[in-house]
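The values are calculated or read from the model by the stated rules, or taken from the named source; none is laboratory data. On a predicted model such as this, the values are computed, not experimentally measured, just so you know. Neighbour counts are summed over all protein chains in view; Cβ atoms, including those assigned to glycine, are modelled from backbone coordinates with ideal geometry. Please note that ligands, DNA and RNA were not included when accessible areas were found on the heavy atoms of the full protein model with its side chains. Shrake-Rupley method; radii C 1.70, N 1.55, O 1.52, S 1.80 Å.
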Amino acid sequence: MQKRVVEPYLKVIFLGGVGEIGKNMTALEFGEDIIIIDCGSTFPTSDTPGVDLIIPDPAYLLLNRDRIRGIVVTHGHEDHIGSIPYFLKQCNVPVFGTKLTLALIENKLREMHIDNAKLNVVQPGNVVQLGRAFKVEYVKVSHSIAGSCALSIQTPVGVVFHSGDFKVDFTPIDGNMIDLQRIAEIGKQGVLLLLCESTNVERPGSSMSEATVGRSMRNIFNENKDRRLIIATFASNIHRLQQIIDLAAEFGRKVAFSGRSMINVAECAARIGELRLDRSLIVDIEKVKNVDDKDLVILSTGSQGEPMSALTRMASDEFSKVKLGYNDTVILSAHPIPGNERMVYNVINNVYRHGARVIYESLAELHVSGHACRDELSLLHALLKPQFFIPVHGEHRHLQKHAELAVSMGELPSHIIITDIGDCVHVSHKMFKIGEQVAAGSLLVDGLGVGDTDSSVLRDRKHLAEDGLLIAVICIDELSGEVSAIDITSRGFAYDTDNEEFFEKCRDDISRVLGEYDLRECDRSVLNNTIRKELKNYIFKKTRRSPMILPMVIDC
């Protein structure tokens, strides 16, 4: 009987960035070689109180660390580079990216005292050989941060094209347009699999050019010649910073940077030549009080209403370096990220309370998306004509809508797979299916701890936040076995001084429970659980509240 030959296939492993927007991380595996595309993070939500950062779980990769040939990074946004320091601490593999991308990564590594990383600068058009299986070409695209690239990856079974985050901007600020010609050439040569971002698939048409923001900013400068300008935007949007700095020079204004990330990114981009700065125009934020309002622009963090950002602290009158007043015009050059709307509008309201003017997106064209809308996505599909397609970088609704768009472009439904985190897709010219699941998920970064904050900890934090805490300390004389004191305190539940009668009833309830036990012999854990149960029932009956209850029986 003739032995059946198994055709080789590529594994595409999704560790983040599908079914969600954030913490992008995808691995390609063939034979003994593995490469990682992006290594991002995402920010905590109301479901993760107290958490600093959320990163992909790299368990599968760590089990196969000897086969990892490198990390190829598409661009320098947090959702694509944020977890690199945490990964490199456990697995020091080469990292490849453009100049600004690596400069931003280097800042992160320095903060975490990682000094042995293998960082490799590439430029659009460069090809990197990783192991025997992978040859990665960087392709220039437009996005809201400089140095953004798509990846054309040659594998033994065909080309995988990863779009990264992109848009089609025909008038980019740096003059370097998305390389549609090279993308078309790659399409003509044949693309086995397209992995394409889906963020704006629900938006019809095309995204506006970044130059649109520059025209709006020029109007604002013209209309506020005698007023101080405070502009909040994303620190990573170097092209927008450049437009504002150029306008400041044109209108004879000094520029001050406010906010840690704004200062860090501006210094980093200027150092590598991505941001052109006339140092004579820059003034330290500590010295802005010495500059006339009409001669100053302050570039600030806080466009999303982040609680500790510079603009939020200015609006709350908690920023000693800048005090808002009637001669200020505050510009929010960003669209509120879904979920941030309340924080943004709180900042706007607080700025108005200081008598300042506020200009935001609903009043002027102050922000354009860095992500492709439907027409731009359709163009990429038309140029590449992939055999197979997997939508990425989006919540499930985005992935589904992108799949429908691909079908409308002629893609066969059987040639499209919508994935979840942990899925491993097997692909060759004759195979396209979901294979085995791999260990995947999220790790929570809390202070110096990574992965040690689990669901039980979060559950307790939510419980404390919603219902408060009640502590009952019962002191038992270890010689006589009699109760010497019962002390009850609460936090976030009720003021002790205002509810003395209620707490006295709680003490009576505890005394009744204690009377049923031989306090010299009984198991303390059993006694604690009984007291907790009795107090819980009594408190809920009287108040319809369920605070966290901590009984502590101690020997005195």
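See the values below:
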| quantity | calculated |
| --- | --- |
| Candidate set from the stretch 408-431 (those that are in contact with a helix residue (DSSP H, G or I) (Cβ under 6 Å, 6 or more places away or on another chain) and not in a loop (DSSP other than H, G, I, E, B)); member that is least open to solvent (accessible area, probe 1.4 Å) | Ile416 |
| Every pair of residues 6+ apart whose Cβ atoms lie under 9 Å, when the first sits in the stretch 172-190 and is farther than 19 Å from Val160 by Cα and open to solvent by less than 50 Å² (accessible area, probe 1.4 Å) while the second is of a type in the set (A, V, I, L, M) and in a loop (DSSP other than H, G, I, E, B) | Pro172/Ile178 |
| Criterion violated by Leu405 - all others in (1) touching a strand residue (DSSP E or B) at 6+ places or on another chain (Cβ under 9 Å); (2) not in a helix (DSSP H, G or I) satisfied | (2) |
| Matching entry among Arg520, Arg524, Arg491 (being of a type in the set (D, E, K, R) and either at pLDDT 80 or above or in contact with a helix residue (DSSP H, G or I) (Cβ under 7 Å, 6 or more places away or on another chain) (or both)) | Arg491 |
| Meets criteria (in contact (Cβ under 8 Å) with a residue 24 or more places away in the chain, in contact with a Leu (Cβ under 7 Å, 6 or more places away or on another chain) and of a type outside the set (Ser, Thr, Tyr)) for Val121 | yes |
| Some residue of the stretch 179-200 being in a helix (DSSP H, G or I) and among the β-branched types (Val, Ile, Thr) | yes |
| Pairs where the first residue, in the stretch 260-282, is part of a helix (DSSP H, G or I) and at pLDDT 90 or above and the second is of a type in the set (Phe, Trp, Tyr) and surrounded by 17 or more Cβ atoms within 10 Å (Cβ to Cβ), C-beta under 8 Å, 6+ apart | Ile263/Phe257; Ala266/Phe257 |
| Selection count, the stretch 295-310, where residues are assigned to a helix (DSSP H, G or I) and modelled with pLDDT of 95 or more | 1 |
| Of the criteria (1) at pLDDT 80 or above; (2) more than 18 Å from Pro547 (Cα to Cα), which one Gly451 fails | (1) |
| Subset tally (residues that are of a type in the set (D, E, K, R), buried (at least 19 other Cβ atoms within 10 Å of the Cβ) and over 27 Å from Ile417 (Cα atoms)) for the stretch 191-220 | 1 |
| Some residue of the stretch 228-236 being buried (at least 21 other Cβ atoms within 10 Å of the Cβ), more than 29 Å from Lys289 (Cα to Cα) and not hydroxyl-bearing (Ser, Thr, Tyr) | no |
| From the options Val157, Val121, Val127, residue that is touching an Asp or Glu at 6+ places or on another chain (Cβ under 8 Å) and modelled with pLDDT of 95 or more | Val127 |
| The stretch 509-556, residues that are over 45 Å from the mean Cα position of the chain (by Cα), of a type in the set (Lys, Arg) and outside any helix (DSSP H, G or I) | Arg520 |
| Near pairs, Cβ below 8 angstrom, 6+ apart or cross-chain, from the stretch 71-90 (within 12 Å of Leu119 (Cα to Cα)) to any residue that is polar (S, T, N, Q) | Val73/Thr101 |
| Flag if Glu250 is within 28 Å of Gly305 (Cβ to Cβ) and surrounded by fewer than 23 Cβ atoms within 10 Å (Cβ to Cβ) | no |
| Matching residues in the stretch 143-168 - criterion: being more than 15 Å from Gln387 (Cα to Cα), open to solvent by 10 Å² or more (accessible area, probe 1.4 Å) and not β-branched (Val, Ile, Thr) | His143, Ser144, Gly147, Pro156 |
| Test set (1) touching a residue at least 60 places away in the same chain (Cβ under 8 Å); (2) over 28 Å from Ser206 (Cβ atoms) - Ile145 fails condition number | (2) |
| Residues within the stretch 138-181 that are among the polar types (S, T, N, Q), touching a helix residue (DSSP H, G or I) at 6+ places or on another chain (Cβ under 8 Å) and over 15 Å from Thr199 (Cβ atoms), tallied | 2 |
| Which numbered condition Asn346 fails, given (1) in a helix (DSSP H, G or I); (2) at pLDDT 95 or above; (3) of a type outside the set (Asp, Glu) | (2) |
| Candidates Ala440, Ala472, Ala465, Ala485 - the one that is within 30 Å of Gly19 (Cα to Cα), modelled with pLDDT of 75 or more and outside any loop (DSSP other than H, G, I, E, B) | Ala465 |
| Of all residues in the stretch 362-400 being among the charged types (D, E, K, R) and surrounded by fewer than 17 Cβ atoms within 10 Å (Cβ to Cβ), the one that is modelled with the lowest pLDDT | Glu365 |
